[in-house]
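Notes follow the structure.
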Amino acid sequence: MKTSICHLRLLYCLLLMTGCFLVPAHAQDFPDFLAGDWKVEGKDNYEHWDRLNNNLLRGFSYSKPNDLPNVQEYMEIQRNKTEVVYNVQIPGAHQGEISTFVQRKEGHQWFYENPSNDFPKTIVYELLDPNKIQIHLRNETQDTTYTLRRLEPSETSGNGYDEELAKRLGADDRGMKNYFFVMLKTGQNKTGDKELIQQAFQGHMQNMDNMVKAGKLVVAGPFGKNDAQQRGLFIVQNLRNEDEVRQLLLTDPAIAAGLLQAEITAWYGSAALPLYLEYVDKLIRKK
(Lines give C-alpha, C1' and ligand atoms only; values in the text may rest on other atoms or scores of the structure.)
Protein backbone atom coordinates (compact mmCIF):
# COMPACT_ATOMS: atom_id res chain seq x y z
CA MET A 1 0.00 0.00 0.00
CA LYS A 2 2.78 2.44 0.94
CA THR A 3 4.54 1.60 -2.34
CA SER A 4 1.39 2.41 -4.33
CA ILE A 5 1.00 5.74 -2.53
CA CYS A 6 4.63 6.60 -3.24
CA HIS A 7 4.13 5.76 -6.91
CA LEU A 8 1.04 7.99 -7.05
CA ARG A 9 2.91 10.85 -5.43
CA LEU A 10 5.79 10.44 -7.88
CA LEU A 11 3.38 10.44 -10.82
CA TYR A 12 1.65 13.53 -9.46
CA CYS A 13 4.97 15.39 -9.18
CA LEU A 14 6.03 14.35 -12.67
CA LEU A 15 2.75 15.58 -14.13
CA LEU A 16 3.13 18.90 -12.39
CA MET A 17 6.71 19.33 -13.61
CA THR A 18 5.83 18.49 -17.20
CA GLY A 19 2.81 20.80 -17.23
CA CYS A 20 0.43 17.95 -18.09
CA PHE A 21 -1.71 17.98 -14.96
CA LEU A 22 -5.16 19.48 -15.43
CA VAL A 23 -3.94 21.94 -18.06
CA PRO A 24 -6.30 22.25 -21.06
CA ALA A 25 -4.59 21.76 -24.40
CA HIS A 26 -5.70 25.18 -25.66
CA ALA A 27 -4.00 26.85 -22.69
CA GLN A 28 -0.61 25.75 -24.04
CA ASP A 29 -1.30 26.91 -27.61
CA PHE A 30 -1.64 30.67 -27.29
CA PRO A 31 0.38 32.43 -30.05
CA ASP A 32 2.40 34.76 -27.81
CA PHE A 33 5.11 34.94 -30.49
CA LEU A 34 2.94 37.41 -32.45
CA ALA A 35 3.67 40.29 -30.06
CA GLY A 36 5.69 42.91 -31.91
CA ASP A 37 5.93 44.40 -35.39
CA TRP A 38 5.90 42.49 -38.69
CA LYS A 39 6.31 43.39 -42.37
CA VAL A 40 4.97 41.57 -45.40
CA GLU A 41 7.90 40.51 -47.56
CA GLY A 42 8.01 42.42 -50.85
CA LYS A 43 5.17 44.80 -49.92
CA ASP A 44 4.60 47.92 -47.86
CA ASN A 45 2.15 46.17 -45.54
CA TYR A 46 2.54 45.55 -41.82
CA GLU A 47 1.03 43.93 -38.72
CA HIS A 48 1.45 45.15 -35.16
CA TRP A 49 0.43 43.04 -32.12
CA ASP A 50 0.36 43.88 -28.41
CA ARG A 51 0.14 41.23 -25.68
CA LEU A 52 -2.26 42.86 -23.22
CA ASN A 53 -2.14 39.92 -20.81
CA ASN A 54 -1.61 36.16 -20.82
CA ASN A 55 -4.99 35.60 -22.48
CA LEU A 56 -5.31 38.50 -24.90
CA LEU A 57 -3.47 39.76 -27.99
CA ARG A 58 -4.68 42.80 -29.91
CA GLY A 59 -3.32 44.03 -33.20
CA PHE A 60 -3.96 45.72 -36.50
CA SER A 61 -2.73 45.41 -40.06
CA TYR A 62 -1.87 48.51 -42.04
CA SER A 63 -0.17 49.91 -45.12
CA LYS A 64 1.90 53.10 -45.31
CA PRO A 65 1.07 55.04 -48.50
CA ASN A 66 3.07 58.27 -48.44
CA ASP A 67 4.48 57.14 -45.05
CA LEU A 68 1.06 57.64 -43.37
CA PRO A 69 -0.41 54.50 -41.73
CA ASN A 70 -3.69 53.28 -43.21
CA VAL A 71 -5.36 50.66 -40.98
CA GLN A 72 -6.81 47.75 -42.93
CA GLU A 73 -7.94 45.39 -40.14
CA TYR A 74 -8.28 45.27 -36.38
CA MET A 75 -7.51 41.84 -34.89
CA GLU A 76 -7.86 40.22 -31.49
CA ILE A 77 -6.90 36.77 -30.23
CA GLN A 78 -8.49 35.85 -26.92
CA ARG A 79 -8.26 32.75 -24.77
CA ASN A 80 -11.28 31.85 -22.66
CA LYS A 81 -12.07 28.81 -20.54
CA THR A 82 -12.87 26.47 -23.43
CA GLU A 83 -11.21 27.80 -26.58
CA VAL A 84 -9.13 30.46 -28.29
CA VAL A 85 -10.91 32.78 -30.73
CA TYR A 86 -9.64 35.20 -33.37
CA ASN A 87 -11.81 38.30 -33.95
CA VAL A 88 -11.40 40.46 -37.06
CA GLN A 89 -12.98 43.81 -37.88
CA ILE A 90 -12.45 45.65 -41.18
CA PRO A 91 -12.98 49.44 -40.89
CA GLY A 92 -15.78 50.64 -43.16
CA ALA A 93 -16.82 47.13 -44.23
CA HIS A 94 -19.79 44.93 -43.28
CA GLN A 95 -21.25 47.71 -41.10
CA GLY A 96 -18.45 47.23 -38.60
CA GLU A 97 -19.36 43.61 -37.90
CA ILE A 98 -16.75 41.40 -36.20
CA SER A 99 -15.94 38.02 -37.74
CA THR A 100 -14.98 35.34 -35.22
CA PHE A 101 -12.74 32.37 -36.00
CA VAL A 102 -12.04 29.44 -33.65
CA GLN A 103 -8.46 28.25 -33.16
CA ARG A 104 -6.98 24.79 -33.54
CA LYS A 105 -3.27 24.01 -33.64
CA GLU A 106 -1.17 21.44 -35.49
CA GLY A 107 2.57 21.56 -34.91
CA HIS A 108 3.79 25.06 -35.79
CA GLN A 109 0.52 26.03 -37.50
CA TRP A 110 -2.29 27.98 -35.85
CA PHE A 111 -5.60 27.54 -37.73
CA TYR A 112 -8.48 30.01 -37.26
CA GLU A 113 -11.69 28.71 -38.82
CA ASN A 114 -15.14 30.12 -39.56
CA PRO A 115 -17.06 27.94 -42.05
CA SER A 116 -19.82 30.54 -42.42
CA ASN A 117 -17.43 33.29 -43.55
CA ASP A 118 -17.15 33.91 -47.30
CA PHE A 119 -13.41 34.63 -47.54
CA PRO A 120 -11.39 33.58 -45.82
CA LYS A 121 -12.98 30.61 -44.10
CA THR A 122 -9.59 29.66 -42.68
CA ILE A 123 -6.66 31.83 -41.59
CA VAL A 124 -3.38 29.98 -40.93
CA TYR A 125 -0.39 31.43 -39.09
CA GLU A 126 2.57 29.13 -39.73
CA LEU A 127 5.64 29.84 -37.60
CA LEU A 128 8.65 29.22 -39.85
CA ASP A 129 11.14 30.49 -37.26
CA PRO A 130 10.95 32.99 -34.36
CA ASN A 131 11.21 35.89 -36.81
CA LYS A 132 9.25 34.66 -39.82
CA ILE A 133 5.58 33.68 -40.29
CA GLN A 134 3.75 32.44 -43.35
CA ILE A 135 0.05 33.31 -43.53
CA HIS A 136 -2.57 31.46 -45.60
CA LEU A 137 -6.05 32.83 -46.32
CA ARG A 138 -8.31 30.06 -47.65
CA ASN A 139 -11.75 29.01 -48.75
CA GLU A 140 -12.88 26.24 -51.12
CA THR A 141 -11.53 27.95 -54.24
CA GLN A 142 -8.87 30.43 -53.10
CA ASP A 143 -5.59 30.20 -51.21
CA THR A 144 -3.66 33.43 -50.73
CA THR A 145 -0.22 33.13 -49.11
CA TYR A 146 2.27 35.73 -47.91
CA THR A 147 5.20 35.88 -45.50
CA LEU A 148 5.73 38.19 -42.54
CA ARG A 149 9.18 39.09 -41.20
CA ARG A 150 9.63 40.40 -37.66
CA LEU A 151 10.97 43.94 -37.61
CA GLU A 152 13.89 44.84 -35.38
CA PRO A 153 13.34 47.74 -32.94
CA SER A 154 15.62 49.96 -35.05
CA GLU A 155 13.33 49.39 -38.06
CA THR A 156 10.25 50.65 -36.24
CA SER A 157 11.81 53.80 -34.85
CA GLY A 158 12.15 56.84 -37.07
CA ASN A 159 14.98 58.28 -34.92
CA GLY A 160 16.99 55.09 -34.44
CA TYR A 161 17.49 52.99 -31.35
CA ASP A 162 18.46 54.85 -28.14
CA GLU A 163 20.05 52.26 -25.86
CA GLU A 164 20.38 54.64 -22.92
CA LEU A 165 16.71 55.67 -23.11
CA ALA A 166 15.57 52.06 -23.48
CA LYS A 167 17.53 51.10 -20.37
CA ARG A 168 16.14 54.03 -18.37
CA LEU A 169 12.56 53.12 -19.30
CA GLY A 170 13.05 49.37 -18.77
CA ALA A 171 12.25 48.54 -22.40
CA ASP A 172 12.75 45.09 -23.88
CA ASP A 173 14.05 44.55 -27.43
CA ARG A 174 10.60 45.35 -28.83
CA GLY A 175 10.43 48.67 -26.98
CA MET A 176 7.81 47.21 -24.64
CA LYS A 177 7.53 46.52 -20.91
CA ASN A 178 5.14 44.97 -18.39
CA TYR A 179 2.58 47.10 -16.58
CA PHE A 180 -0.55 46.43 -14.54
CA PHE A 181 -3.94 47.80 -15.60
CA VAL A 182 -6.17 48.60 -12.63
CA MET A 183 -9.91 49.02 -13.13
CA LEU A 184 -11.45 51.03 -10.27
CA LYS A 185 -15.10 50.25 -9.56
CA THR A 186 -17.63 51.31 -6.96
CA GLY A 187 -16.74 49.57 -3.69
CA GLN A 188 -18.83 47.62 -1.21
CA ASN A 189 -18.88 50.42 1.37
CA LYS A 190 -22.18 52.27 0.77
CA THR A 191 -21.78 54.69 3.69
CA GLY A 192 -23.59 58.00 3.66
CA ASP A 193 -20.98 59.63 5.89
CA LYS A 194 -20.15 62.71 3.78
CA GLU A 195 -17.13 63.68 5.85
CA LEU A 196 -15.61 60.20 5.50
CA ILE A 197 -16.23 60.21 1.75
CA GLN A 198 -14.74 63.69 1.32
CA GLN A 199 -11.62 62.88 3.33
CA ALA A 200 -11.14 59.53 1.57
CA PHE A 201 -11.30 61.04 -1.91
CA GLN A 202 -9.08 63.96 -0.97
CA GLY A 203 -6.59 61.33 0.16
CA HIS A 204 -7.23 59.44 -3.09
CA MET A 205 -6.10 62.47 -5.12
CA GLN A 206 -3.05 63.11 -2.92
CA ASN A 207 -2.07 59.46 -3.06
CA MET A 208 -2.04 59.56 -6.87
CA ASP A 209 0.54 62.35 -6.69
CA ASN A 210 2.57 60.24 -4.27
CA MET A 211 2.45 57.22 -6.61
CA VAL A 212 3.60 59.34 -9.56
CA LYS A 213 6.52 60.73 -7.56
CA ALA A 214 7.45 57.18 -6.51
CA GLY A 215 7.61 56.15 -10.18
CA LYS A 216 4.68 53.74 -9.87
CA LEU A 217 1.64 55.46 -11.39
CA VAL A 218 1.76 56.15 -15.13
CA VAL A 219 -1.87 56.78 -16.16
CA ALA A 220 -4.94 57.71 -14.12
CA GLY A 221 -8.33 59.13 -14.94
CA PRO A 222 -12.09 58.86 -14.35
CA PHE A 223 -14.70 57.28 -16.61
CA GLY A 224 -17.98 58.88 -17.60
CA LYS A 225 -21.21 57.63 -16.06
CA ASN A 226 -21.85 53.96 -16.91
CA ASP A 227 -23.92 50.98 -15.78
CA ALA A 228 -20.87 48.81 -15.04
CA GLN A 229 -19.95 50.90 -11.95
CA GLN A 230 -16.56 51.61 -13.48
CA ARG A 231 -15.18 54.74 -11.86
CA GLY A 232 -11.69 55.09 -13.32
CA LEU A 233 -8.38 53.43 -14.10
CA PHE A 234 -4.73 53.29 -13.15
CA ILE A 235 -1.81 51.95 -15.15
CA VAL A 236 1.09 51.19 -12.81
CA GLN A 237 4.68 50.10 -13.40
CA ASN A 238 7.82 48.83 -11.67
CA LEU A 239 5.90 46.22 -9.66
CA ARG A 240 6.73 42.53 -9.82
CA ASN A 241 3.33 40.92 -9.23
CA GLU A 242 -0.30 41.47 -8.26
CA ASP A 243 0.49 41.23 -4.55
CA GLU A 244 2.78 44.24 -4.84
CA VAL A 245 0.09 46.09 -6.80
CA ARG A 246 -2.48 45.38 -4.06
CA GLN A 247 -0.09 46.60 -1.37
CA LEU A 248 0.41 49.82 -3.33
CA LEU A 249 -3.34 50.30 -3.82
CA LEU A 250 -4.01 49.95 -0.10
CA THR A 251 -2.16 53.25 0.39
CA ASP A 252 -5.19 54.85 -1.32
CA PRO A 253 -7.68 55.91 1.40
CA ALA A 254 -10.71 55.43 -0.90
CA ILE A 255 -9.67 51.85 -1.70
CA ALA A 256 -8.67 51.10 1.90
CA ALA A 257 -12.10 52.33 3.07
CA GLY A 258 -13.93 50.14 0.55
CA LEU A 259 -15.37 53.11 -1.36
CA LEU A 260 -13.50 51.87 -4.42
CA GLN A 261 -12.50 48.34 -5.36
CA ALA A 262 -9.76 47.37 -7.79
CA GLU A 263 -9.56 44.74 -10.52
CA ILE A 264 -5.96 44.08 -11.62
CA THR A 265 -4.83 42.78 -15.01
CA ALA A 266 -1.27 42.34 -16.31
CA TRP A 267 -0.68 44.53 -19.36
CA TYR A 268 2.16 44.65 -21.91
CA GLY A 269 2.61 47.99 -23.65
CA SER A 270 5.05 50.57 -24.97
CA ALA A 271 7.86 51.43 -22.57
CA ALA A 272 7.61 55.00 -23.86
CA LEU A 273 4.27 55.54 -22.13
CA PRO A 274 5.69 57.25 -18.99
CA LEU A 275 7.43 59.93 -21.08
CA TYR A 276 4.23 61.94 -21.39
CA LEU A 277 4.41 62.69 -17.64
CA GLU A 278 7.21 65.17 -18.33
CA TYR A 279 4.66 67.45 -20.06
CA VAL A 280 1.71 67.21 -17.65
CA ASP A 281 2.48 70.32 -15.61
CA LYS A 282 3.13 72.34 -18.78
CA LEU A 283 -0.43 71.73 -19.95
CA ILE A 284 -2.20 72.84 -16.76
CA ARG A 285 -3.28 76.50 -16.79
CA LYS A 286 -2.67 77.93 -13.33
CA LYS A 287 -5.54 79.99 -11.85
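How many residues are free of Cβ contacts under 8 Å to residues at least 12 places away in the same chain and more than 17 Å from Phe180 (Cβ to Cβ) if we restrict to the stretch 203-251?
We begin by selecting, within the stretch 203-251, every residue free of Cβ contacts under 8 Å to residues at least 12 places away in the same chain; these are 205-206, 209, 213-214, 222-227, 240-241, 243-244, 247, 250.
From what is left, the residues that are more than 17 Å from Phe180 (Cβ to Cβ) are 205-206, 209, 213, 222-227.
Result for the stretch 203-251: 10.
Taking the stretch 172-199 on its own, how many of its residues are small (Gly, Ala, Ser) and touching a helix residue (DSSP H, G or I) at 6+ places or on another chain (Cβ under 8 Å)?
2
Could you check, for the stretch 91-108, whether at least one of its residues is assigned to a loop (DSSP other than H, G, I, E, B), touching a residue at least 12 places away in the same chain (Cβ under 8 Å), buried (at least 16 other Cβ atoms within 10 Å of the Cβ) and over 20 Å from the mean Cα position of the chain (by Cα)? It would help to see each step written out before you state the result.
Initially, the stretch 91-108 is screened for residues assigned to a loop (DSSP other than H, G, I, E, B), giving 91-93, 97, 107-108.
Checking which are touching a residue at least 12 places away in the same chain (Cβ under 8 Å) leaves us with 91, 108.
If we keep only those that are buried (at least 16 other Cβ atoms within 10 Å of the Cβ) too, we end up with none.
No, the stretch 91-108 contains no residue that is assigned to a loop (DSSP other than H, G, I, E, B), touching a residue at least 12 places away in the same chain (Cβ under 8 Å), buried (at least 16 other Cβ atoms within 10 Å of the Cβ) and over 20 Å from the mean Cα position of the chain (by Cα).
When you go through (1) surrounded by fewer than 17 Cβ atoms within 10 Å (Cβ to Cβ); (2) among the polar types (S, T, N, Q); (3) in contact with a Lys or Arg (Cβ under 9 Å, 6 or more places away or on another chain); (4) at pLDDT 95 or above one by one for Gln206, which number turns out not to apply?
(3)
Test Asp118 against the criterion of being in the same structural domain as Pro31 (by TED's automatic domain parsing), surrounded by fewer than 16 Cβ atoms within 10 Å (Cβ to Cβ) and closer than 30 Å to Gly175 by Cβ, and give yes or no. If you could, list the steps in order and put the result at the bottom.
Details: in the same structural domain as Pro31 (by TED's automatic domain parsing): yes; surrounded by fewer than 16 Cβ atoms within 10 Å (Cβ to Cβ): yes; closer than 30 Å to Gly175 by Cβ: no.
Spelling it out, it is not the case that Asp118 is in the same structural domain as Pro31 (by TED's automatic domain parsing), surrounded by fewer than 16 Cβ atoms within 10 Å (Cβ to Cβ) and closer than 30 Å to Gly175 by Cβ.
Look at Gly215 and say whether it is surrounded by fewer than 15 Cβ atoms within 10 Å (Cβ to Cβ) and either within 17 Å of the chain's Cα centre (by Cα) or not hydroxyl-bearing (Ser, Thr, Tyr) (or both).
For Gly215, the condition - surrounded by fewer than 15 Cβ atoms within 10 Å (Cβ to Cβ) and either within 17 Å of the chain's Cα centre (by Cα) or not hydroxyl-bearing (Ser, Thr, Tyr) (or both) - is met.
So is Pro130 surrounded by fewer than 11 Cβ atoms within 10 Å (Cβ to Cβ), in the same structural domain as Ser63 (by TED's automatic domain parsing) and more than 25 Å from Gly258 (Cβ to Cβ) or not?
Yes; evaluated as a whole, the condition is true for this residue.
Restricting attention to the stretch 200-215, report how many residues are in contact with a helix residue (DSSP H, G or I) (Cβ under 6 Å, 6 or more places away or on another chain) and either in a loop (DSSP other than H, G, I, E, B) or not assigned by TED's automatic domain parsing to the domain that holds Leu248 (or both). Working first, answer last.
Let us first name the residues in the stretch 200-215 that are in contact with a helix residue (DSSP H, G or I) (Cβ under 6 Å, 6 or more places away or on another chain), namely 200-201, 203-204.
Subset that is either in a loop (DSSP other than H, G, I, E, B) or not assigned by TED's automatic domain parsing to the domain that holds Leu248 (or both): none.
Of the residues in that region, 0 qualify.
The values are calculated or read from the model by the stated rules, or taken from the named source; none is laboratory data. Note that this is a predicted model, so its numbers are computed, not measured. Note that we place each Cβ from the backbone using ideal geometry, even for glycine, and neighbour counts take in every protein chain shown.
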